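Below you'll find the structure, written out as structure tokens, and then a few comments.
The values are calculated or read from the model by the stated rules, or taken from the named source; none is laboratory data. Note that this is a predicted model, so its numbers are computed, not measured. Reconstructed Cβ throughout: ideal geometry from the backbone, glycine too, with neighbour counts over all protein chains shown. Accessible surface is based on the protein model in full, side chains and every heavy atom, while ligands, DNA and RNA are left aside. Shrake-Rupley method; radii C 1.70, N 1.55, O 1.52, S 1.80 Å.
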Amino acid sequence: MMASFFDQFASPSFLGIPLIAIAIALPWVLFPTPPSRWVNNRLITVQTWFINRFTNQLMLPLNVGGHKWALLLASLMVFLITINMLGLLPYTFTPTTQLSLNMGLAMPLWLATVIIGMRNQPTVALGHLLPEGTPIPLIPVLIIIETISLFIRPLALGVRLTANLTAGHLLIQLIATAVFVLLPMMPTVAILTAAVLFLLTLLEVAVAMIQAYVFVLLLSLYLQENV
């Protein structure tokens with residue numbers, strides 16, 4: 001019974017073909033394409049306003065060199081939010097519960113920020129490994145610690161997104177199972193549990209949006225250190 005709770009995180013397949021590619025491509029199909037005319041409808045207006053506000057907020061601490069990443073980070077933000085929100089629907093699959101996908105997003109983007117820092121300002125990039133005013137006996141230890149923390153960043157990005165979404169989905173399924181079990185025996189307790197489930201679902205919607213924002217925000221902070 002316990003193993004069945006984790007079946008929702010297995011990548012679905014049809015005739016031996018993984019369907020994760022369809023789940024990843026679905027967000028781009030759902031978003032409307034802005035028309036060429038001057039007057040847009042309400043949906044595209046709200047979509048454009050949200051993307052503009054998010055991009056302005058994200059690019060605020062970056063200098064002009066980091067503004068080249070605006071399109072990439074805004075697209076990644078919309079992509080992650082859409083995937084996380086679609087995963088909350090019944091009979092759906094959330095690709096961001098797979099650590100391999102999250103690491104596939106985090107590792108190249110983090111590596112790109114490091115390469116940019118090493119190419120544009122190698123002295124400043126290497127200076128992050130040794131804080132100013134460090135005592136001489138602590139220099140080797142601090143360099144090792146800072147190097148390890150630098151290489152842990154992409155792992156933290158991927159694990160944070162995976163762990164939060166996996167824990168939320170699993171908790172929702174556990175409480176929903178408790179509601180169905182308690183309904184014939186203790187209806188009052190089942191109703192109270194269903195109310196908790198409703199509040200938890202609202203919380204999970206917020207988590208789905210916040211985790212996508214945190215993922216992109218941390219990438220922008222890593223970029224800020226290297227541009």
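Here are the numbers for the structure shown:
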{"item": "Residues located in region 112-136, provided they are in a helix (DSSP H, G or I), at pLDDT 80 or above and under 16 Å from Gly66 (Cα atoms)", "result": "Ala112, Thr113, Val114, Ile115, Ile116, Gly117, Met118, Arg119, Asn120"}
{"item": "Qualifying residue in region 49-56 (condition: open to solvent by less than 70 Å² (accessible area, probe 1.4 Å), out of contact with any Gly (no Cβ under 9 Å at 6 or more places or on another chain) and at pLDDT below 80)", "result": "no"}
{"item": "Failed item in (1) open to solvent by 50 Å² or more (accessible area, probe 1.4 Å); (2) farther than 24 Å from Val227 by Cβ; (3) in a helix (DSSP H, G or I), with Gly168 passing the rest", "result": "(1)"}
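A quick yes/no check of all residues on (1) within 28 Å of Ala212 (Cβ to Cβ); (2) open to solvent by less than 40 Å² (accessible area, probe 1.4 Å):
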site: His128; (1), (2): yes, no
site: Glu132; (1), (2): no, no
site: Pro137; (1), (2): no, no
site: Val141; (1), (2): no, no
site: Leu157; (1), (2): yes, yes
site: Arg160; (1), (2): yes, no
site: Asn164; (1), (2): yes, no
site: Ile172; (1), (2): yes, yes
